[in-house]
Structure formats: structure tokens, C-alpha cells
Amino acid sequence: MTPLPPDRYFRPDPAVRSIALTLYAGIADLPLICPHGHVDPALFADPDARFGSPANLLIIPDHYVFRMLYSQGVPLESLGVPSQDGTPVETDPRAIWRRFAEHYPLFRGTPSGIWLRDTLSTLFGIDEKPSADNADALYEAIDAALATPEFKPRALFERFNIEVLATTDAAGDPLPHHRAIRHSGWTGRVIPTFRPDAVVNLDTPGWKDHLDRLSAASGVDIYSYATFIEALENRRAYFRELGATATDHAALTAYTHRMTEIEAEGMIQRALAGKSLRGDAAAFTAHMLTEMARMSLEDGMVMQLHPGSLRNHNASVHARFGLDKGADIPTRTDFVYGLKHLLDLYGNDPRLTLVVFTLDESTYARELAPLAGHYPALRLGPPWWFHDSLNGMRRYFDQVIETAGLYNTAGFNDDTRAFPSIPVRHDVWRRAACDWLAGLVTRHLIDEDDAQAMAHDLAYGLAKRTYKL
Amino acid sequence: MTPLPPDRYFRPDPAVRSIALTLYAGIADLPLICPHGHVDPALFADPDARFGSPANLLIIPDHYVFRMLYSQGVPLESLGVPSQDGTPVETDPRAIWRRFAEHYPLFRGTPSGIWLRDTLSTLFGIDEKPSADNADALYEAIDAALATPEFKPRALFERFNIEVLATTDAAGDPLPHHRAIRHSGWTGRVIPTFRPDAVVNLDTPGWKDHLDRLSAASGVDIYSYATFIEALENRRAYFRELGATATDHAALTAYTHRMTEIEAEGMIQRALAGKSLRGDAAAFTAHMLTEMARMSLEDGMVMQLHPGSLRNHNASVHARFGLDKGADIPTRTDFVYGLKHLLDLYGNDPRLTLVVFTLDESTYARELAPLAGHYPALRLGPPWWFHDSLNGMRRYFDQVIETAGLYNTAGFNDDTRAFPSIPVRHDVWRRAACDWLAGLVTRHLIDEDDAQAMAHDLAYGLAKRTYKL
Amino acid sequence: MTPLPPDRYFRPDPAVRSIALTLYAGIADLPLICPHGHVDPALFADPDARFGSPANLLIIPDHYVFRMLYSQGVPLESLGVPSQDGTPVETDPRAIWRRFAEHYPLFRGTPSGIWLRDTLSTLFGIDEKPSADNADALYEAIDAALATPEFKPRALFERFNIEVLATTDAAGDPLPHHRAIRHSGWTGRVIPTFRPDAVVNLDTPGWKDHLDRLSAASGVDIYSYATFIEALENRRAYFRELGATATDHAALTAYTHRMTEIEAEGMIQRALAGKSLRGDAAAFTAHMLTEMARMSLEDGMVMQLHPGSLRNHNASVHARFGLDKGADIPTRTDFVYGLKHLLDLYGNDPRLTLVVFTLDESTYARELAPLAGHYPALRLGPPWWFHDSLNGMRRYFDQVIETAGLYNTAGFNDDTRAFPSIPVRHDVWRRAACDWLAGLVTRHLIDEDDAQAMAHDLAYGLAKRTYKL
């Protein structure tokens, strides 16, 4: 493996590549805006926090990595993924690393392959492909680096040139780490994001426990729809105090709806009594999405919605290893009818910003670009999750921008819990954006002035403005 | 902004570009066949008609343009879009133009941006980007040009080298402008297209008024299904007398069906009595689509069907500004089950030509190309509306032709009410077609002889033959 | 028409083309693995079998070819397609060939056009385009070649360098030709594939006859669900004795389900009595798919599933000409909910190999790549049928591999009944694969070592390993 070539990810056409390199030079060093992600804030609360072993850093927490190994017959327990059912799991990080290294060819041509290669090279100076032969040597090298002060999380945060990093936090989370960061005197900007899914979705396993945590955190005794809303509004205010500018909402579908307070009260009472009816959960989620839009209009928080993932498709893996273990599978999603109620209520108000993500690319050109190209409140989020890839970005640019326009999109976010991969993820986006823009320039669709402005917006401006950062 | 480069819109690859330029040179000057559009025939009925102000020409009537401004928070009333609810609207065309010019960067990378740039350059000799700084100067320049005889609609029609221009006209339209054009001695060929949606769709607001107009125009007293059919057949004959060769039909879905005359009679009677049942409208539309195919078999008119747009998605904009204000959003469409009844009845008869359009590109390769590549009566219309763009065309060529074959497609149409944009729309298609063909030649999939023949067909022959022009 | 250029089908970019040619040189001569197809085994059972006339070889049996002619108004009977309703059909192969030659431009830019051109050039030394002018001369040339010993099926099999050819055979087929091939001493490896659709789908026309054939072939008297299963297991064992390594299953949807034996027994009894209830057929198919997976786990046969084709869409053509006459149309397909039951039962077992095909490309990135990138038992089959084309392959590579990884795909299969087109079909795939890989190399996503390994796997290794050949 050669060191990372400076023109990587660009089309080979010399005319395109030359323009792309020029555009890229103008934006490569811009600070990183990270408005949506899943990094653990505890990493930054303690100035002396550490990342653990190479396996703990790069494999065990990364469901992109271990799902690929699992798909080829490598048991999750052999990769150190914690079990919930008592299955013993591998505890030797060297063994885990070796298993990964032996299967490294599985990542050929995948985003994970790119992220891993770039991370190894840029962070650890490793330009070899992991393999059975070099597994132990690479492990030693990474482990040694992680022991140095340069690899403390705060040090990397600064080295990565992160301007702001948003985490994702439950509505009932007391946010101790965010408070600690604020009071520590460290200048890194780490802010929470308000994600109330666990209390909004009545069918969440352990819903009542989540509600109790919301109650405790807000100091509001929740016994009715009105107190439920009060507790949520209370927490939104607290999140805002700690810097939050956005909320985040997952749902199986994009269905939104407004019910009467009496209906909502009935559903809350049935849920509190453990007697929800079939259909309550879906209807209540649909209602709460419009209610969250209402709150966003009032408090100015950006609202994010990403429907269409069927969580925990694999019943056995879910039972044995719990949530987020690589078996969340996208499904067909409708936004046209789904979002209509919310948009009828609030879509024409430019004070609201609703950022929508999709895993169903057939909706890009058909639904989301026409909607985002019309409604003042709507912005389209970047290619997400499985589509956070070079081809995914190209399809996004090609299928979205002509109809939505660039300025109805929301820039990039890395959406990751893998902190060391943040720079390469932004870099892939920036390079993909420059490659796309260079293609437009060579076809004389835009000129280089426009391309430079658009590159800056894609790399920095759109995310910063959309998320009010 | 530089003047328009001669190799615009072609891929930068030198081998492709060279062949594309050669192919384009062979077809660039062919006359324009415009078999489907929405230009107002009144423009050509009066030899001294004028286009009005720059804002009236380029902004107020173009929902592609004002929807993009609206999506970024510019109120429709501030752009002079006429309101229906008494909202006062901007009446100063200079102010409207200035608002547009200030927001010109929104059109970067969009088809509207290309059409505007080309129109400004080719028609008005303007190669600057509109901006706050030059807005007034550009306004003056365009306004001055519009005052000259060269900018009368008939003069432009001739300068554009339009061989035939089809308008779209309601079934009950008495077609006075088309009659006037015919009797004026002017040789420009402007023909009507029979679009009976307002009377065929029982749930059209004001259906009874539309029916009355149909009755008045046809001289048939409509009190039954039989007289309804008689009136429609009467009007089709009248449209044909004025040169029409095609009909045009919108529907929410592609569902077709044949009901008995007794069922149809019951639905008409209920509709006349204002007592339609739930489901009547959808079923009646489905029935009338097969009935229209029956009439087309008899009178030879080409039948066009474009389902899948949910009209007036934005309730508030619809209430305040009426139809066609940029909030028609595509939805998932099924053609396989939907068209089956019609095709079972008439799909094997090569005397029928049914041209189908889609806004759901996922149906290109999956449904429409296989259907068009089998049924003698079926042709696939060009990429339409949101997909009338360079990427939309490339996806169309790539996803349709391998399975459907070129000769089961219908060439291009501009589908526009923006008369000055007609040449650039055809030019974009011709360039996109040559670019695609040049790609096939360089990959040795076809030779240059084939490519030349195909380029001619794409630019001219397919539309002319499909629409019997 | 020039002779076939050595760099055909590759992108024109010189950097890509150079690498693609190098990669291709390394795999062009690998033997052909044909794990899924529809060639008639009788061709190889008799050492002196012949292909018949040029029309019998290239037109009459190829629904890709005659559907395109039919779509442009050429009657199927005029092409010698056998009728079922007594319609007289053309019997002169020269007249059929001439009709084809006259319409040859219809195949411009289509896969059939490429396959025909390559077959004519490579097999018959013909580098002219068929036309009305040369139709008779080409006919004579092909006919003369077919009379030589070099064009006997077994001779071509060897010349084509086919390592193994799987046919597709009904569960009740006594497989006389496969037995004859085995006992003939000829070393060509031709193996059957177990396809029980006709007995598994209770609504198959003539289901009872198919069941009787299954009973006769297995020697099992089928009067119950248990004996039905016994007969199927018996036949699977027999197919395996004759070399089969795979089963093959078509279904309208991907729905899988497990019912109780009592439910299954009830459905079989109703079917035997000719009294199936509405819904029985769909439910029974869904059940049998999981049952087939259970059997595959036990006997090691690879299971193939290709849902989503609505067979015999054209009622009139079906009535007049029977099955497989070019009117099988793809429909929207759901795999996420559809496959869930089967995957819940067997998806985590790496001993099972389930190869899934789709005609709904919108499922590539959204459903199939995420599923194949997670479940150990799942592999994604190559682009199939309408998507067995250069663009279809490019879309497949671009939309599948990033998420699924290359090693969760199943390589190529030609899926054809047109024996002479087998080499060009594999060649198109191999060239498309090298072009795709060269694109990855020039963008520095993989290095040339990886590309060479991946090219070998795409051309040979993946199919061989997936199908246990």
C-alpha cells in the first residue's frame, strides 16, 4: 500500500482532477463542523481520558467494521462485542485485532476500508495493509501511539481542528459530561443534541424507565400529556443552556400527524397504565413530530428527522447482543404523504429548520428534492449511514441538487461514534464535493467563482448556518 | 461569466467531446418539434402581441424560478405571483427583477440556472450573472430589447426555427386563438392538444362548470354517460380540424380500468347530482383512460399519460395562490398493475400510440423500459419536469434504452410555458443526447454511422413520427 | 462495422483504459463458470446434436430478440414463434432471418445488439451489420458454418472453455439427458439445478400434472404434506447424484413464512382436491421457501431466489403463444420484511448459502446490500435479466459493493437459453468488472494488487466458491 496520494478519490480525467485539486486546496484546512454525531462526551470531560486498546478504538465499537466480518461468518463474540445473554466474548484485544487483520480484504472497495486506511496512515503513520503477517506489529505500533499525550481525546480534538462537535443525548440524560466540559476551562466546543426518541416512541423497551429519567432530570412529575410536554420543554431549555442548537428524531416512517390534546392524553394515560392499544405508538410518534416542530418554532432549535431504518432486523443478534449491532436495515420510505401534516402546519415558516435524512435513495429526486426545493422550512441532510460513501455522495449530488438547489441542503455531518475517523469522513466529503464541482466546471455548468463559493459552503458554511453554529 | 462555450454540457473527456461535437454539428440546426407544451396561443393570434416586462417574461409565470426563491424564504407575493385571497402582491416589475437578481446564486447547478443563462446570453446578449449590482442595468437592457419588433412572439417563433408548436387546451376550450392563427395567414404551425382532465376527473374543483363549458363548446347537452362521451368525441374531432394530433392526460396514479356502461352511467349521474361516492373519481378516471385509448384507436390521436404528481401539496400556498405554484410533488407510481387493463385491451395494436411519462425514475428500468420494450402500442416519453435536466437525461438514457430500445421512446418535448426558454431546452437535450451517444461510440457499443442516425432521431425524427407531425 | 476492438466496453479515459486492459488480460482466458442457466441439456446428450437453422439458433428461442421486434409491430407468428392457439406461424427460417435483418437497427445500444454482434463476429467471422441487403448472404454463411463439426454443441462447449454448465430442471424431471451425458464418457461437466416452482406454487396451471410427474420421478405416492416433502427430498438427493449443487426458486414476491405442519397439510389437501382458498398459493410458497432453506442446510445445496417478475403480463400473447414470450415485467419488491422470517430461522448459519436476485434496482443500496452485508447466509446474485447489461452492471457495482462488500456477492451467471451467446455474456461482465476496478484504482480506492485479486474473483472465484463448484 502506497502512502495516501494527494489526488485520491478524484476522477482520473486530467481536466477534472486539476480543477478539483484547486478547489480542494481552498477548503482542505477549514475547521470541521460536526453538527450530528455519536461520540461519547465522557472522552472530553476528563482531561486525562484515554481510548483504550487498538481493538477498543477501531473495532469493538464500530458496527460498520464488525458487521462485515460477521457477514462472512466471524462470530460477534470472537470480536469482543459485548453480549447480553451471558455468551462469553473474546477479551484479548490482540486476538480481536488479529481476526480483523486476517479479514482485511473484506473491506476492499468499501467506505470502512477507506476510513481505516486513512486513519492508520494519518494518525499512526501506518501505510501497510493489515494482514495475518503484520497484525501483531501493527497492534504494537498503534498501542504505543495511544499511550502518548498526543493521543488524548482533547489533544486529537484540537489536532483535528474541530470547531464544534455535537453529541446525541437522551431527553432524560442529566448531561454531566457536558457540564463538566463547560466548567473545565477547556475551550473545545462540545454540545449536546436533544434526542427524545425513547420517551416519544411509546413502544420503546423500558419506556417507563426512560420516562422516569425524564421526570427526574426535568423535575417535572409526569402524569399527563401536559406534564409530559412540560418536561420535554424544560429539558430542551436545559440542553440549550449547554449549547445545544438541534434536536434529533428517528422513526420507522416519516408519518406526521396532529391529534387533539384529548387523544394525546388518552394515549399517554394508556401508556402510563401499560395498556397501549395497537397503533398508539405510531400515532403518538407522528403527533409528537409535529409537536416537536411547534417547539422548534418557539425555541429556535433545528429539528432533524431520519426515518426509514427497521431497527434490529436480526432477532437472534438483537437478543444476544442488544441494540445497534449492524442489523438495522433501511426500508422503503414515503415523505410526500408522510410529512404533509407537519408541513401544512409549519412548512411555510422560514423560522423553522427541519433537516430530513433518508436511507431510501429513490426518494432523492422523486420526493425530497422537490419538497426541499419548495418549502421554506425544509432542508435535506447529507447522504447518511450506508450512503456516507463516495458513490452515495455522487448519487446525492446528481439526484438532489438540480431540483433542490444547493442552498436547500444542510452540508455534511459525520454521524459517527468512531472519533478517530472524523477527519477522514469530512475529507471524503470535501473531496467528493470538489470532484462533483469540478465536473460541473468542465461541463461549463458553473464557473470557477461559483465552484469556489459552493465548495466553501459544502465544506463549512451550509452546516454552520443550517445548524445555527 | 464567460460567453457560452461551444462545448458546453459535454463530458470533458477529449475523445468523447470530439465525437459529441461532430454529432452535435449535424443536428444543432434542425427545426424544433414541440409536441407537448403550455405556451399561451394568444401570443401568436395577434401579430402585434408583446411579452410585457422582463419580470413578466422570465419570473412571474415560471414556477421553476419562483419556487426556488420561495424555498429560501422569499414570499411569493413579493415576486408578483398573483394571489387569490386578496393578499396584495408586488406590482413593480423592477422590484421583482431585483429580488430575483439578488438571489441568483440559488440557481447554481440547476436547470433553471442553465436556461436563464442561455436565454440571457442568446436572446439578449447578456453574459453577466444577475446580481444586486447589475439588476437595474440588466432590466433596462431586456426591457429595451422586448420593445423591438424582433421580440414579437411571432418573430421569435420564426427565429427559433420552430416547425410545430403544440399547446395544451381544455376539452371545453373554444380555441379562439388557434382559429385566429389559422385564419391570419401566418404560416407558423401552432396546434392544440386535447386535455380533458377537468371533465374526466370528477373531483376537479368546479367540475360542473367545466362540464358546462364542454357542453357549450360541443353543442351537446350532457345529461348522461352517452352524451358525455359524445361531447368528448365531438371536441376531439374539432381539435383535429385545428391540427391537433394528440391528447394529454394527467392522473394521480397510472391505474386503468374498464367498467360497464351501467356503472359509468351511475357515476356520471351521481356526479351531476353532486353526490359522488368515495372512490368514484379514481374509478371513473381509470375507466376514462381506457375509453380515451379506444377513441385514439378510432381517430388516430396519440394519447399521452403522465401520472404520479400529487398536485397542490402545500395547502396554504394552494389556498392563497391557486394551482401550479410549485408545490406539485411526485409520488411513487406503479405502471405494471396500473396500465395492465388498458394494455390488455389495446396494447397489442400498433395503430395506437400511448406515450407514458413518469416522475418516478425507479420505474424506468424496472417497469417502463420492459413494458415499452414489449407492447407495440407503448412509447416512453422523455425525462419530464424535474427530470428535464442534464442528470435527468443521463439517467434516462442509461436506465431506459438498453431495455426499451431507442425506437420505443418518443424523442424530446419542452413541456414549458416559458416560451423564450424553448430553444435552450431543446439544445440541452440535443447536447445531452450527443454526449451520451459519443460515450457509446468511444466504448465501441455503436459506430459513428449509428450514432449519427440516432442523434437525428433523438433531435427530430422520434418526436415527429411518434406524434404524427 | 469494424471488427471487434480489443478495448471495447471500457471507458475512454486513457488511465482507466490502460489499467482495465491489464486487468482484463489477466482474466480473459479463465474458464467459464456457468452456475445458473437454461440451456437444453439434450444438446449435449447426443454427440451428434445440431443447432438447426440460423433462425432456430439466434431468433426463435431468444425472447430478448423477438420481443424487441414485436414491440415495433412485427407479429410474433411472422418470426416463427410457435403458437398455442392454432395461429399459423412462419416456417421458412430464411424469411424469419430476413425480417430480423431488416429490423436490426432496433438493437442499437441494447445488450442484444452487443451479444449478436459479438456472436456473429467471433463465431461466424461476420463483421457486417445485418440488413435487408445482406440478409441472404449472412444466412448462407451461418448455415454453412453450422453444418461443420466445429459447430456441434459439444465442440462449442469445449471451444468456449466452459468448466461447468448448470441447467435448470423441474423437480419432476427424470433428467434423462443428464444421465446420458454422465454415461457417455464425454468429460464436459453439465449439471442439473433443482427448480421445484411448478409444484411449490399451488396456482401453477396444471399443478396436479406436475405433482404427478414429481410422484412418478420420486417413486413417492404424494397424498399429504409429509409425502410431498418426502418426494422433494428424494428428488434433491437424485439431482445431487447427477452433480447438482443448487436449487432455484422464482416467486412473485420475496415473502417467506413458516406455518405449522397442520396448516401446510390443510393447504396440500385443498390443493389436491382442487379447492384451494384465496391466499393459499402465496402462503404456501412463502412457507416452502423457508422449508427449502431448511433442506439446503441439511443437504448443502445452494438456494437461489429471484422474486419480483410478474409473469405473462400480456394476456393475449400468453393465450396465443404461452409462457416466456417476453411479457414478464418486473415489479416493486420488498426484501426487508419479505425475507425476515427465513433469515430469522436460518440467516445466521454460515452453512447455508442463499443467493438472492432482484429486478428492482431500488433495492440494491436500500435493502439487499445492507442485508447481504450482515447475514452470514446471504449472498447477492449478479445483475439479472434486464439488468444483465453494461449499465446494469455499473449500477450494481456502484450501488452494491460499498455496503455489501465484494465477498457477499456471487459472481456472474449468464442465465441464458441462448448457448452461443454464453462467451460474450461472460466477456461483457469481465470487461465491465475490469472497467469498474480500473476506476477504483485510478481514484486510489484500491491498489492494483487488490484489483487483480478482485478481478479474478469476479470472473471466476466468487461463482465457483458460492456454488460449491
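The values are calculated or read from the model by the stated rules, or taken from the named source; none is laboratory data. These numbers were taken from a predicted model, which means no experiment stands behind them. FYI the Cβ positions are ideal-geometry reconstructions off the backbone, even for glycines, and counts take in every protein chain you see.
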Next on the checklist: Going residue by residue through the stretch C:203-211, is there one that turns out to be farther than 24 Å from C:Ile181 by Cα, without any contact (Cβ under 8 Å) to a residue 12 or more places away in the chain, surrounded by fewer than 21 Cβ atoms within 10 Å (Cβ to Cβ) and touching a His at 6+ places or on another chain (Cβ under 9 Å)?
Outcome noted: yes
Checklist entry - Is it the case that some residue within the stretch B:96-111 is closer than 30 Å to B:Thr245 by Cα and in a helix (DSSP H, G or I)? => result yes
Checklist entry - Of the residues that make up the stretch B:69-87, is at least one among the aromatic types (Phe, Trp, Tyr) and within 14 Å of chain A (Cβ to nearest Cβ)? => result yes
Checklist outcome for this item: Checked B:Ala372, B:Ala365 against criteria (within 11 Å of chain C (Cβ to nearest Cβ), within 20 Å of A:Asp398 (Cβ to Cβ) and buried (at least 24 other Cβ atoms within 10 Å of the Cβ)); the one match is B:Ala365
Next on the checklist: All but one of (1) at pLDDT below 95; (2) closer than 20 Å to A:Val400 by Cβ; (3) of a type outside the set (A, V, I, L, M, F, W, C) hold for A:Gly326; state the number of the condition that does not hold.
Outcome noted: (2)
Next on the checklist: Can you find, within the stretch A:348-400, the residue that is nearest to B:Ser71 (Cα to Cα) among those that are among the aliphatic types (A, V, I, L, M) and assigned to a loop (DSSP other than H, G, I, E, B)?
Outcome noted: A:Ala377
Checklist outcome for this item: When the stretch C:158-188 is checked residue by residue, the ones that are among the charged types (D, E, K, R) and within 18 Å of the chain's Cα centre (by Cα) are C:Glu163, C:Asp169
Checklist entry - Only one residue in C:Pro111, C:Pro61 is over 21 Å from B:Leu378 (Cα atoms) and of a type outside the set (A, V, I, L, M, F, W, C), so which one is that? => result C:Pro61
Checklist entry - Does C:Asp46 satisfy being on the phi < 0 side of the Ramachandran plot and either free of Cβ contacts under 8 Å to residues at least 24 places away in the same chain or more than 14 Å from chain B (Cβ to nearest Cβ) (or both)? => result yes
Next on the checklist: Condition (residue is among the polar types (S, T, N, Q), farther than 25 Å from B:Asp62 by Cα and touching a strand residue (DSSP E or B) at 6+ places or on another chain (Cβ under 7 Å)) applied to the stretch B:391-404: is it met by at least one residue?
Outcome noted: no
Checklist entry - Has the stretch C:239-255 got at least one residue that is surrounded by fewer than 16 Cβ atoms within 10 Å (Cβ to Cβ) and either free of Cβ contacts under 8 Å to residues at least 40 places away in the same chain or not aliphatic (A, V, I, L, M) (or both)? => result yes
Checklist entry - Restricting the search to the stretch C:292-319, which residues are crowded, with 21+ Cβ neighbours inside 10 Å and either closer than 19 Å to C:Met259 by Cα or not assigned by TED's automatic domain parsing to the domain that holds C:Tyr255 (or both)? => result C:Met292, C:Ala293, C:Ser296
Item to check | Pick from the stretch C:410-469, criterion among the acidic types (Asp, Glu) and closer than 26 Å to C:Phe51 by Cβ, ranking: nearest to the chain's Cα centre (by Cα) | outcome: C:Asp415
Next on the checklist: Only one of B:Pro47, B:Pro54, B:Pro82 is buried (at least 20 other Cβ atoms within 10 Å of the Cβ) and in contact with a helix residue (DSSP H, G or I) (Cβ under 9 Å, 6 or more places away or on another chain). Can you tell me which?
Outcome noted: B:Pro54
Next on the checklist: Take the residues in the stretch B:130-157 that are assigned to a loop (DSSP other than H, G, I, E, B) and either of a type in the set (D, E, K, R) or within 14 Å of chain A (Cβ to nearest Cβ) (or both); name whichever of them is nearest to the chain's Cα centre (by Cα).
Outcome noted: B:Lys152
Checklist entry - Yes or no: B:Arg430 over 22 Å from B:Ser309 (Cα atoms) and either of a type in the set (A, V, I, L, M, F, W, C) or part of a helix (DSSP H, G or I) (or both)? => result yes
Item to check | Failed item, numbered, when C:Leu165 is tested on (1) closer than 26 Å to C:Pro5 by Cβ; (2) assigned by TED's automatic domain parsing to the domain that holds C:Asp248; (3) not aromatic (Phe, Trp, Tyr); (4) not in a helix (DSSP H, G or I) | outcome: (1)
Checklist entry - Residues in the stretch A:401-418 that are outside any helix (DSSP H, G or I) and either touching a Phe, Trp or Tyr at 6+ places or on another chain (Cβ under 8 Å) or more than 12 Å from every other protein chain (Cβ to nearest Cβ) (or both): how many? => result 10
Checklist entry - Of the residues B:Asp127, B:Asp173, which is touching a residue at least 12 places away in the same chain (Cβ under 8 Å), of a type in the set (D, E, K, R), within 14 Å of another protein chain (Cβ to nearest Cβ) and not in a helix (DSSP H, G or I)? => result B:Asp127
Checklist outcome for this item: Listed by range, helices (runs of 4 or more DSSP H) wholly within the stretch A:1-66 having at least 3 residues that are within 28 Å of A:Asp143 (Cα to Cα) are A:42-45, A:54-58
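Conditions tested, residue by residue: (1) in contact with a Lys or Arg (Cβ under 9 Å, 6 or more places away or on another chain); (2) surrounded by fewer than 20 Cβ atoms within 10 Å (Cβ to Cβ).
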site	(1), (2)
B:Phe100	no, no
B:Tyr104	yes, yes
B:Gly113	no, no
B:Arg117	yes, no
B:Thr122	no, yes
B:Gly125	no, yes
B:Lys129	yes, no
B:Asn134	no, yes
B:Ala137	no, yes
Checklist entry - Of the residues C:Leu445, C:Leu462, which single one is within 14 Å of chain A (Cβ to nearest Cβ), outside any helix (DSSP H, G or I) and either surrounded by 22 or more Cβ atoms within 10 Å (Cβ to Cβ) or among the aliphatic types (A, V, I, L, M) (or both)? => result C:Leu445
Checklist entry - For residues in the stretch A:5-22 being more than 26 Å from the chain's Cα centre (by Cα) and hydrophobic (A, V, I, L, M, F, W, C), which is farthest from the other protein chains (Cβ to nearest Cβ)? => result A:Leu21
Checklist entry - Given the structure, is C:Leu32 crowded, with 21+ Cβ neighbours inside 10 Å and touching a strand residue (DSSP E or B) at 6+ places or on another chain (Cβ under 9 Å)? => result yes
